[in-house]
Every structure is written in C-alpha cells, then in structure tokens.
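What follows draws every value from the coordinates through simple rules; no lab data is involved. It should be emphasised that the depicted structure is a prediction, and the values quoted were computed from it without experimental measurement. Because the Cβ atoms are built from the backbone with ideal geometry, glycine has one as well, and the counts that use them run over all protein chains shown.
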Amino acid sequence: MTNLTAAQTLADVGDIVRMEARRVTGAQGATFVLREQDRCFYAAEDAIAPLWKGQRLPITACISGWAMLHDETAVVPNIELDERIPLEAYLPTFVRSLLMVPVGSPAPVAAIGAYWSRHHRATQRQIDDLQALADRAAEAIRRIGLADAPWAPTFTNG
C-alpha cells in the first residue's frame, strides 16, 4: 500500500490516491476530485480511457460534488438508474457504475471515485477500503496545510 504520509504536495496526494483507489477497488478507473468553492476540479485520474481530468464542473452537476456537499458516500450500481448522475457526461465514457467517497468530513475538500465498465454494486469491502483511503488522504491534506482553506487550492500537477 502506498503511503500518503510521504506526500509533500497536493499533487503528490492526487497521484497516490488515483493509483491506490483503482488498486484497492479493482475498478477500471479512479479519480481524485478537489472542491474549489462551487466547482469540482477533476485533478487526477487513472483509468482505462480518459474521463474528466483537468475539467472543472459545477459542484451541483456531478456525483463528486454531491458526495462533498452531502458528506456522504455514493454507491451507484447503474448510472442510468440514478438521478444524481448527469447521463450526458457519462454515457460517452466507459463508466457504467461507480463509488464516490468524500474526503475530509465533516466539511469535505475532495472526493475519490472508483468507476467500473459494467454494472456493479460496490461491495462493503470496496466501500471500506475507499473510505480508509479517503481518511488517509484527508490526513495528508491536513498535514500539508490545506484543510483549513474553505476550498482546495488549484491543483498544479499536470
């Protein structure tokens, strides 16, 4: 397991999280999303095909935003059956199911997502493992001095 205690920057956290999220869930894709006031910045991803890396979306228009705003994990076994999912953004991608967890409760500054290319209900183990990763990521973010900001600063790593 990659150690987030070695992370020195937000870019380091994103790099570790994107790879570790995919590994611990067995998903075909993973993302690290930062909250920037009323927007979600898809800062890092590790996926079988490009998703939304580098995009900024309104916090009310994506599932990562929902997870952060509600400080709640979202388990979506079928994207076509969940009203929180903006289908126009998802249908062109490989994503058919997902798990999204907030980072930094009770005021999340980020979210971690895992995506599957088939309909899949995340197991309790996958949920627990991704939540444990989110808890470690929150600690790393606090340690490098970003937890007190009202939103995460712009991610600079390419």
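Ratio of Rg to Rh for segment 40-109: 0.93 [Cα atoms; Kirkwood radius as inverse mean 1/r over pairs]. Among 133, 98, 87, the largest mean-square fluctuation in a Gaussian network model of the chain (Cα springs under 10 Å) belongs to 87. Label separation (residue 128 vs residue 71): 2.4 nm, computed from points 7 Å beyond Cα along the C-beta direction. Using θ = phi - 60° in the Karplus curve 6.51 cos²θ - 1.76 cosθ + 1.60, the 3J(HN,Hα) couplings for segment 112-125 round to 10, x, 10, 10, 10, 8, 9, 5, 8, 8, 3, 6, 4, 5 Hz; x is entered for Gly and Pro. Simple spin-label estimate for residue 11 and residue 142 gives 2.6 nm between the two label positions (7 Å along the Cα-to-Cβ direction from each Cα). Here the alpha carbons of segment 1-79 define both size measures, Rg and Dmax, at 12.7, 37 Å. Stokes-Einstein diffusion for segment 81-145 at 20 °C, viscosity 1.002 mPa s, with a Kirkwood radius from C-alpha pairs, works out to 164 µm²/s. Counting 0.36 nm for each residue step from residue 3 to residue 61 and taking away their Cα separation leaves a gain of 17.7 nm. Legend: calculated FRET efficiency, residue 119 to residue 38, from the Cβ-Cβ distance at R0 = 30 Å, rounded to 0.05, equals 0.45.
With the alpha-carbon atoms of the chain aligned to their principal axes, the span from lowest to highest coordinate is 39, 32, 29 Å, starting with the largest.
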